[in-house]
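A short write-up of the structure that comes next.
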Amino acid sequence: EGEGEGEATNGTSGKVKRREIDGIGMVGACLVLSLLVFVVLWIGATIKFALDGSLPARLALWGLLPEAYAAISVTAVVALLRLKQTETPIIVLRNCVTDAGAKELAEAIRLYGKKADLQAIELPHNPRLGEAGVCEIVAAALLEGSNLQELDFSYNPQLRSCIVDALKPLLGPRASKVNTLRLADCGLTPAEVQKLADNAASSGLRTLDLSCNELGGGGEAVAAVLEVPVLEELTLTCCNLRLEDVEAIAATLPYTSLKSLQLGGNKLKAAGVRALAAHLPKSQIDELGLEGNDLEAADLGPLGSAWARRPFSRVKLAGNRMAQEEVSAFVRTLKSIN
């Protein structure tokens, strides 16, 4: 009997163990199945987001991708504006914006720009962007409640004169909050710059970049730009300005609100510095960029004299025919005057 009871007990224990093993096996199978379902759903969602263009934006929002890297296409940026609940003050898009894409972006700005507190749009290096696309962005900047303050269409030489016409609605009195325009290498000529100056005569424009446009011989047109009422910063680097252009610009300075003038890369040489220095003391210029202008230490005398009459905060002299020691010695001399 004892042996029979032992066998019965062992049999019962074996059945219990088998049930436990079966239970563990079922739990493991369920876990594996759940994992497989999750993976399939993840793959499906990833494919869906990739197809609708929102994957980069979602990866950025999930913390798996820096937000700047999510701006790889107009569709991705539109998705970012739509999905993100916090601010997106700046949009930067290169080599991907067409006129159709600009229209899509403008619609997103209309829908989500206020929520994003969008303040700046930078669209450099977009060779397929034309006048129609620029007009779409301008229309978005003119929307009531828009906080857009800066537009950058630099390095789009295909735009040429059409950029001036497209921007005109922004430049009326109190037409928009846009106060910064960057139009470097947009194929502008002196005639277009004169037209821009006429359009902006009553604008609130404070910063203008016209670098890398061929403006040689257009000194009068540039001088007209200087007369924009509240313009404070003008960049004219690498514009192939001539001596007579610099003379026209310099003569206008005392009658403007300009505080920063960047003239790097124009090969002004000593004569250009003399022309500027003659009018600097009566101007409001506080920062002067003279990089890469074939200047030697001996050419800086007039600049020092102008500084002695009215000191200004900063002069940039890198890339000239001077050693760093000579530049440093000039700066020390200026500091010793006052």
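For this structure, a couple of remarks:
- Residues within segment 270-303 that are open to solvent by less than 50 Å² (accessible area, probe 1.4 Å), assigned to a helix (DSSP H, G or I) and out of contact with any helix residue (DSSP H, G or I) (no Cβ under 6 Å at 6 or more places or on another chain), tallied: 1
- Against the conditions (1) of a type in the set (A, V, I, L, M); (2) open to solvent by less than 40 Å² (accessible area, probe 1.4 Å); (3) in a loop (DSSP other than H, G, I, E, B); (4) closer than 23 Å to L334 by Cβ, V315 satisfies every one except (3).
- Any hit, segment 128-139, residues being hydrophobic (A, V, I, L, M, F, W, C) and farther than 23 Å from E192 by Cβ: no
- Selection of helices (runs of 4 or more DSSP H) fully inside segment 173-261 by the criterion of at least 3 residues being in contact (Cβ under 8 Å) with a residue 60 or more places away in the chain and surrounded by fewer than 20 Cβ atoms within 10 Å (Cβ to Cβ) returns nothing.
- For segment 208-220, the count of residues that are more than 23 Å from G304 (Cα to Cα), modelled with pLDDT of 95 or more and hydroxyl-bearing (S, T, Y) is nonzero.
The values are calculated or read from the model by the stated rules, or taken from the named source; none is laboratory data. In this text, all values refer to a predicted model and were calculated from it rather than measured experimentally. For neighbour counting, all protein chains shown are included, and Cβ atoms are generated from backbone atoms with ideal geometry for every residue, glycine included. Protein only, heavy atoms only, side chains kept; ligands, DNA and RNA dropped before computing areas. Shrake-Rupley method; radii C 1.70, N 1.55, O 1.52, S 1.80 Å.
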